[in-house]
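What follows is calculated from the coordinates using simple rules that are stated; it is not laboratory data. Remember, it's a predicted structure, so these values are computed and weren't measured experimentally. Note that each Cβ is placed from the backbone with ideal geometry, even for glycine, and that neighbours are counted across all protein chains shown.
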Amino acid sequence: MIDRSLSDPDLPGTIRVVSASATHVGHVRATNEDSLLEASPVYLVADGMGGHNAGEVASAIAVEEFEKLTIQENVTVEQLGEALRSAARRIGELVGESTAGAGTTVAVVATMVLDGVGYWVVLNLGDSRVYRLSGEIFEQVSVDHSVVQELMDAGELTPEQARVHPYRHMVTRALGAGPESDPDYWLIPAEAGDRMLVCSDGLTGEVTDAAIERVLRSPADVRTISADLVGLALDGGGHDNVSVVVVEAVEVVGRSLATENTAGSGRAAQDPFEIDEDTLPRPIAGGGPR
Ligand code: MG
């Protein structure tokens, strides 16, 4: 577990977080192709794909490139984009039988201070996910780049059907595999008490959103929550590698749970660049109170 003040707590707009992570190969796969990073101010899950050891090489490269940002207190969106491009370049340069066709998803939560206000930055490419628990709100922030997400958007699948669809593992965007590798970004004001979850589809393929919300809402600490989430995925079958990173804002200077919680924190996530309907956070279908 990491407990680190991101910058001088006396300055406005700083965030103090605690985090924890857990990963497991699961009950079926021989190797764990997921990689994760839990190092302030960047929290990441990468789910590698490709034959032989290509997947684990690709996801490890993603972690290595984003890890370069963890020597600093804050990140910028430009730096996140540069890390992504560096990782894409390295994965694209992989040659040889064992790493041909390598690719990886990337889901990131990072902390950032803009004009004295603390934000969560979320970046997504593929079908690993970022969820946010903030007061009454529980939502999936990231939108999957997947075949079943497109079918759901077209009204051809319900979330329940998507869960068991034969194409449920097919991603439409990934880092290194194929031409489509543009990520989506979200910028969300951080509130004390927020819990952000970054996870691979080894969790969401086995555990319902309602069950994930229940665990995130528990009074347990982030380490216990991480272990419990992985435990649920294994109990659910453990068909895939499962990885989770949980980040909790302990203190956001200038904002506090006590003063802000009653104001109703139901604001939508904000995209500072352009609001794209396609990438707005979605309420959980049939989920918790709004
Ligand atoms: Mg997976």
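Annotations for the structure displayed:
- Scattering curve values for segment 215-256, log₁₀ I(q)/I(0), Debye with Cα scatterers, q = 0.16, 0.21, 0.22 Å⁻¹: -0.50, -0.71, -0.75
- Quotient of Cα Rg and 2.2 N^0.38 Å for segment 113-209, N being how many residues it contains: 1.18
- Scoring 209-217, 18-26 by mean Cβ neighbours within 10 Å over their residues and listing the highest first yields 18-26, 209-217.
- Kirkwood-based Rg to Rh ratio, segment 2-252, C-alpha trace: 0.95
- Percent of Cα pairs exceeding the 18 Å cut-off, where the set is segment 2-150: 61 percent
- As a proxy for reagent exposure, ranking LEU69, LEU114 by other Cβ atoms within 10 Å from fewest up yields LEU114, LEU69.
- As a proxy for reagent exposure, ranking VAL42, VAL253 by other Cβ atoms within 10 Å from fewest up yields VAL253, VAL42.
- Charge dipole (debye, nearest 20) of segment 2-252; +1 at Cβ of Lys and Arg, -1 at Cβ of Asp and Glu: 300 debye
- Residue order, fewest to most surrounding Cβ atoms within 10 angstrom, among ILE137, ILE91, ILE225: ILE137, ILE225, ILE91
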